[in-house]
Amino acid sequence: MKKIIALVLLVVMAVVGCFFWGCGKKPVNTNEILIWHWMTDRHQAFETLAQQYSEQTGVAIKIQLFAPPDTYSQRITASAQANTLPDIFGILDKKEIFADFIKYGLVADLTDEYKKDDGAWEQAMFPKALEVNRFTADNIYDVKPGIYGVPIDVTNIQMLYNKDLLEKAGVKEVPRTFDQFLAAVKKLNSVGISGLVSGWGEIWLADAFASNYAFNIMGEQKIMDTYQGKVPYTDPDWLKVFRVFKTLSEAGAFAEGVVTKPNKEAEQDFALGRAAFAYNGSWCVNVYHDMNPDLNYSAMLPPKMNPDRPMKIWGGAGSSFVVNEQSAKKEQAIAFLKWLSAEKQQAYLARETRNLPANRKALAAIPEVLSDFAKVMDNTTHPTIWKYNELPKVTEAFDKGLQSIVIGEKTPKQVAEEVQKVKEREMEKQRNRQ
Amino acid sequence: MAKRQKMSSIKLADISENYLFILPAVIIFAIFYIYPFIDIINLSLHEWKGIGPKVFVGLRNFKELMSDKIWWKSIWNATYITLWALTFQNVLAFMLALACDREIRFKKFYRVVFFIPPVLSQVVVGLIWRWILNAGKQDGQYIGLLNHLLDSIGLHHLTNDWLSDPATALTCIAIVHCWMGFGWGFIMLLAGLQTIDKQLYEAAKVDGASSWSTFWNVTIPMMVPVILVVVILTVLGSMQAFILVLSMVGQGLVHHTDVPVTRILGAMQGTKEFGYACAMGVNFAIILIAVSALMKMGSNKLKQA
């Protein structure tokens, strides 16, 4: 009997012991910098660069990949709660969450590093790339002004056109205005070619497209006023934004199934010549190259609705890393990121991964199509750099409303009224919480 | 007196021995099941973005949830998929199980073939069916197999954008879910059929019972326990289906394809409302427990009958 009890106790202690031992921190190599990232397409290039850095400096770099981005984001949030973040990581959330990481002492302020040597590091970067990582003096998140991240590349989202398909349909000039675009779509449809394809099954892409037209139709100030609740979604300018989707849908501009299409499938459609236009980010250059190296295409801004205002597209830092403020190897981590964002390494990354480099000096290394994206970096904007952001449930109602319009279920007016109703309800909730 | 004391100490030792044996399992269960469950209930009473302090809000998340029409629509959508699974999927599984229980050629081959869909990844199945239901065209020809087939047999008017049409999207998902799930039901029902004593069928034959009468009076009563297990597993599995939804329609077609788990995921990943997401989870768990309890009560009554 005693033997049995002793055996059971031993098993219990072993199980509990193993569990807690397993939960504890793994032994850490004190000379090693640990990086967690989510960029599947860049993992090999990062590994190569890490190897080079180790050979040059003797500092070991361990790079771990956690994909897809949703999984990565969950891991970062869980690690922040457990205080087990690596030395270098990325925050894929909106600026409000980025601000929380800073406020809870999880992200290092890199401003002084950027300002060293007369601001050499800061000046080497695309200003738009730094904006995502910058908190200005008037930021609404109560974060100390400064730069908190290092952009690895820049990106922007534009329209792409297949030159061969346009020629086949007799479209001689690339459409610059909305009417020209509709005329081009008509010609394309008449020869059995689909117009615009995009992965709006990932609904933020449709949101970005609508945002482009909102900037073009009413400008940034009115959008910010809407987010603050000063302008309703039933305003004529917002109705114009919703009508863009109705007009395009009625003109047969969208490829079949666009509202539930994953972007990977949309990329395949464009790469295989199933649609003449695509709405996609600059990362697509790498994707299209893998899918169809002979694809003859170029990039263009979405055709303007309002000729008097610029067409603003989403863009800025594509991927950024931050340094763990609580890391014992903070200085080494910063030194590595400085090296990684230097011209030579950025040129290597651009060549290998066909992404736009964050370092302006590395632009010479990029393929021709990518330079079309690089040229319009000044036209970019992004929710993470806006002073105000829309409430999440309003954004959801807005995006789902866009889908309803595209599939012909609701009119722009109905959607505008519904979004406004959600806006009022959410603002009421916010007021009650305060 | 001494004898009684000795007896009670032996009894106590026996009881402690029993408890000690189950202690490792209890510890693991408590850490991995009870603690997270209690934590979810606790989180559902808070407002939390996943980082930083949690603000206690009492039952506010639940109050908001009660008036969240999209949440209740997602529950209805899951119920719709479940109804398809309970009827179409299980009837198909039962019919095929009955066929394979007879002496037919290639019986073993059919068993293997019918069990292939359930062992495939839901993501892969979703993507394959996306291709089958694709409404796009290339060089004037449909890319998707279904539309291509309809077009080639002269039923062009029936071609459709299946996954982007509110009238068909959820039904398509439900049918694919049934296609994936009928193999489980098939295997379980076939196993159940094979446990029925063949003498009962012979006795029925001797008594001159027709095939239908034998099926209704012998097969069905003997299969009731197995059918109930299949029904319970179908309900729980179908109500929680979401991977197939994500792989077939991404983030959804308006709210026509939302199911509870995609709403919970959206609240956690999209809007970072962890407290609200946990409230959804608790609410959903209560619904599933209630449904399971009702089915258990129903099954007890059936057994008594």
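Laboratory data are not the source of any read-out in this text; all were calculated from the coordinates shown. In this text, all values refer to a predicted model and were calculated from it rather than measured experimentally. Cβ: placed from backbone, ideal geometry, glycine included. Neighbour counts: every protein chain shown.
Computed log10 I(q)/I(0) for the stretch B:64-304 at 0.07, 0.09, 0.10 Å⁻¹: -0.31, -0.50, -0.61, from the Debye equation with unit scatterers placed on every C-alpha and solvent omitted. For peptide B:270-281, the mean count of partner chain Cβ atoms within 10 Å of a residue's Cβ comes to 2. Remark: mean inter-chain Cβ contacts per residue of B:245-257 equal 6, using a 10 Å Cβ-Cβ cutoff to other protein chain atoms. As a proxy for reagent exposure, ranking A:398, B:215, A:178 by other Cβ atoms within 10 Å from fewest up yields B:215, A:178, A:398. Over the stretch A:83-205, the Kirkwood radius and the radius of gyration, each from Cα atoms, give a ratio Rg/Rh of 1.19. Distance between the C-alpha centres of the stretch B:234-305 and the stretch A:87-147: 40 Å, rounded to the whole angstrom. Compactness check for the stretch B:1-113: Cα Rg over 2.2 N^0.38 Å is 2.03. For trypsin sites (Lys or Arg not before Pro), the sites in the stretch A:201-305 that DSSP calls loop and that have at most 15 other Cβ atoms within 10 Å are A:230. Quick note on the protein assembly as shown: its Rg to Rh ratio, both from C-alpha atoms and Rh being the Kirkwood radius, is 1.02. Measuring between their Cα centroids, the stretch A:307-365 and the stretch A:230-272 lie 31 Å from each other.
Overall, the stretch A:287-434 carries a charge dipole of about 520 debye about its Cα centre when +1 sits on the Cβ of Lys and Arg and -1 on the Cβ of Asp and Glu, all other atoms neutral. Which FRET efficiency value, to the nearest 0.05, do you get for residue B:88 and residue B:23 by plugging their Cβ-Cβ distance into 1/(1 + (r/R0)^6) with R0 = 35 Å? Result of the calculation: an efficiency of 0.15. Across chain A the C-alpha pair distances fall into 20 Å bins from zero in the proportions 23, 51, 22, 4, 0 percent. Only DSSP H runs of four or more residues enter the estimate; each adds -39500 (n - 2.57), and after division by the residues of the protein assembly as shown the mean residue ellipticity at 222 nm equals -18500 deg cm²/dmol. Among the trypsin sites (Lys or Arg not before Pro) within the stretch B:68-137, those in coil by DSSP and having at most 12 neighbouring Cβ atoms inside 10 Å are B:102, B:105. Here's how it looks for residue A:314: its modeled amide H is under 5 Å from those of A:157, A:381, which are all 5 or more places away or on a different chain. Between A:315, B:128, B:97, the Cα set farthest toward the positive side of the dipole of the protein assembly as shown (charges on each charged residue's Cβ, about the Cα centre) is that of B:97.
The phi-based Karplus calculation (6.51 cos²θ - 1.76 cosθ + 1.60; θ = phi - 60°) puts the 3J(HN,Hα) values of the stretch A:349-358 at 4, 4, 5, 6, 10, 6, 10, 5, x, 7 Hz, whole numbers, x for Gly and Pro. Ranked for footprinting exposure by Cβ neighbours inside 10 Å, fewest first, B:100, A:284 give B:100, A:284. Counts of other chain beta carbons within 10 angstrom of each beta carbon in peptide A:248-260 average 5.
Within the shell defined by Cβ-Cβ distances under 13 Å, the residues around residue A:172 carry a net charge of +2, with Lys and Arg each +1 and Asp and Glu each -1. Scoring A:368-380, A:155-167, A:119-131 by mean Cβ neighbours within 10 Å over their residues and listing the highest first yields A:155-167, A:119-131, A:368-380.
Beta bridges per DSSP, both residues in chain A: antiparallel share near 60 percent.
Highest mean first, the peptides B:87-96, B:224-233 sorted by other C-beta atoms within 10 Å per residue fall in the order B:87-96, B:224-233. Taking Cα centroids, how far is the stretch A:159-199 from the stretch B:96-160 in Å? Cα centres, the stretch A:159-199 to the stretch B:96-160: 34 Å. Taking the charge dipole of the stretch B:64-304 about its Cα centre, with +1 at Lys and Arg Cβ atoms and -1 at Asp and Glu Cβ atoms, the residue from B:194, B:297, B:237 reaching farthest to the positive side is B:194. The loop-placed trypsin sites (Lys or Arg not before Pro) in the stretch A:173-220, going by DSSP, that have at most 14 neighbouring Cβ atoms within 10 Å of their Cβ come out as A:176.
With a ≥ b ≥ c taken as the square roots of the eigenvalues of the C-alpha gyration tensor of the stretch A:264-355, please select rounded if a/c is under 1.5 and otherwise prolate if a/b is larger than b/c or oblate if it is not? Prolate. Extending 7 Å from Cα along the Cβ direction at residue A:137 and again at residue B:203 yields two label points whose distance is 9.5 nm. Fully extending the segment from residue A:84 to residue A:421 would add 117.1 nm, taking 0.36 nm per residue of separation and subtracting the current Cα-Cα distance.
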